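To keep things clear, I will list the structure first and then write my remarks on it.
What follows draws every value from the coordinates through simple rules; no lab data is involved. Note that the structure is predicted; figures quoted are calculated from it, not measured. Quick reminder, even Gly has a Cβ in these numbers, built from the backbone with ideal geometry, and neighbours come from all protein chains shown.
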Amino acid sequence: MAHRLALVAGELDVEEALRRVGTAKKFQRWQHYYEIEPFGTKRDNYHAAIVAKMVADASGVTKESGERFTYEDLLLKFEAPELKRRQSVQEQMAMARIIAMAFNAKGKDV
């Protein structure tokens, strides 16, 4: 949230933007306001999706199922990347041996 607020305020330095906000209570108020009335790229995404839905409706474009698109269908999806499975110690050692061999080191010493 601090980065969004800095961008909207035209401030590249996030710490400076937070200093300008003042107190933690004021920052919390901005967070609550953002939940009610999004601004910046999130709001732009909703606006673009609504316009795209209107264009699709006006042109008769539908989903493969024949249903009309909802604006939610047309929102850009920003999902957190999937967490990768942790490597086992054996897998890490095997990778270390491969790297060591690539640099002409003795893989068994790794």
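Descriptive notes on the structure:
- The longest part of the chain holding none of the exposed loop GluC sites (Glu not before Pro), meaning those outside H, G, I, E and B in DSSP with at most 10 other Cβ atoms within 10 Å, is 1-63.
- Cα→Cβ-extended label distance, 7 Å offset, between Gln92 and Leu75, nm: 3.8
- Sequence-separation-based contact order of the chain, relative, with Cα cut under 8 Å and 6+ spacing, percent: 14
- 18 Å Cα-Cα reach of Lys77 towards aspartates and glutamates, excluding residues that sit fewer than 8 places from it in its own chain: Glu35, Asp44
- Inter-site label distance for Asp57 and His3 at 7 Å from Cα along Cβ, in nm: 3.4
- Dipole of the chain, positive end: most advanced residue of Gln87, Trp30, Ala58 [Cβ charges, Cα centre]: Gln87
- Rounded Å value of the spacing that divides the Cα centres of region 49-78 and region 9-24: 37
- Computed from Cα atoms, the angle from the helix 41-59 axis to the main principal axis of the chain rounds to 60 degrees.
- Full extension of the segment from Phe103 to Glu11, taken as 0.36 nm per residue of separation minus the current Cα-Cα distance, would add 28.5 nm.
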